[in-house]
């Protein structure tokens with residue numbers, strides 16, 4: 001069951017539910033003003049990803065703790081009053097667990113996951129812990145108004161590399177029918193065990209690891225409050241090409 005819950009309703013969902021603040025197309029269009037506080041977001045889960053007010057870095061929610069990877073490449077613990085313009089979270093409970101051996105790349109892991117959970121019309125929350133020969137991430141700097149579109153921001157994004165590192169991949173695989181709402185396919189972030197390295201995941205080579213997948217049957221969308229929310233944004237455009245550039 002797919003549930004669209006708009007703002008004005010107050011209910012905290014539990015297992016097998018991904019709750020999301022705003023839409024990916026709104027973020028692509030430059031809607032960077034935070035609408036939901038970190039404290040509110042954490043009512044909806046202990047695992048998730050997103051960004052922060054003014055697009056100030058990458059968000060990782062892992063095991064009930066929230067982290068912010070800023071454009072300097074450092075990992076911070078954000079205040080719970082800080083807001084997000086786009087994020088998704090769930091109460092993670094693994095339905096599938098399996099080991100990952102031999103060197104595996106980003107594309108290789110996606111193939112393995114697609115084989116283990118072949119139904120592409122299901123939502124999946126993903127948590128992979130392992131030892132990585134290399135990890136390639138990025139973050140984004142805080143923006144000032146008038147906000148540029150996200151594709152312009154990421155064209156000059158700071159990127160980071162780490163070698164021989166232990167850490168966790170966190171994120172979601174979303175069905176193709178969420179086009180415009182979330183990222184169809186995989187959207188993953190990374191956080192090192194040391195909590196000193198992370199960001200939006202661009203690539204990696206993993207030597208060994210353990211994967212856990214939570215198959216989610218409910219999706220809750222919470223839009224910004226107010227009659228004027230998103231009024232000035234053209235959400236009828238097909239932003240697929242922009243999204244591809246941003247995700248890479």
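Only the coordinates and a few stated rules stand behind these numbers; no lab work does. Worth saying up front: this structure is predicted, and the values here are computed from it rather than measured. A quick note on method: Cβ atoms are made from the backbone with ideal geometry, for glycine too, and the neighbour counts reach across all protein chains shown.
Order of 171-177, 55-61 by packing, highest average Cβ count within 10 Å first?
Details: 171-177: 19.0, 55-61: 25.7.
Sorting 171-177, 55-61 by mean packing, highest first, produces 55-61, 171-177.
For volume of the Cα convex hull per residue in Å³, several values are listed as (i) 189; (ii) 112; (iii) 147; flag the one computed from this structure.
(ii)
Which value does Rg/Rh take for segment 67-201 over its C-alpha atoms, Rh per Kirkwood? The partial results should precede the final answer.
On the way: Rg = 15.8 Å, Rh = 16.5 Å.
Rg/Rh: 0.96.
Shape call for segment 125-201 from the C-alpha gyration tensor, a ≥ b ≥ c root eigenvalues: rounded (a/c under 1.5), prolate (a/b greater than b/c) or oblate?
Numbers: a/c = 2.65, a/b = 1.25, b/c = 2.12.
Oblate, because a/c is 1.5 or more while a/b does not exceed b/c.
Hey, what did the chain get for relative contact order, percent, Cα under 8 Å, at least 6 apart?
Values: 634 pairs, mean separation 75.8, N = 248.
Contact order relative to length: 31 percent.
Could you sort 230-238, 80-88, 20-28 so that the peptide with the highest average Cβ count within 10 Å comes first and the rest follow in order? If you can, show how the numbers build up before the last one.
Working: 230-238: 11.0, 80-88: 20.9, 20-28: 24.1.
In decreasing order of mean packing, 230-238, 80-88, 20-28 become 20-28, 80-88, 230-238.
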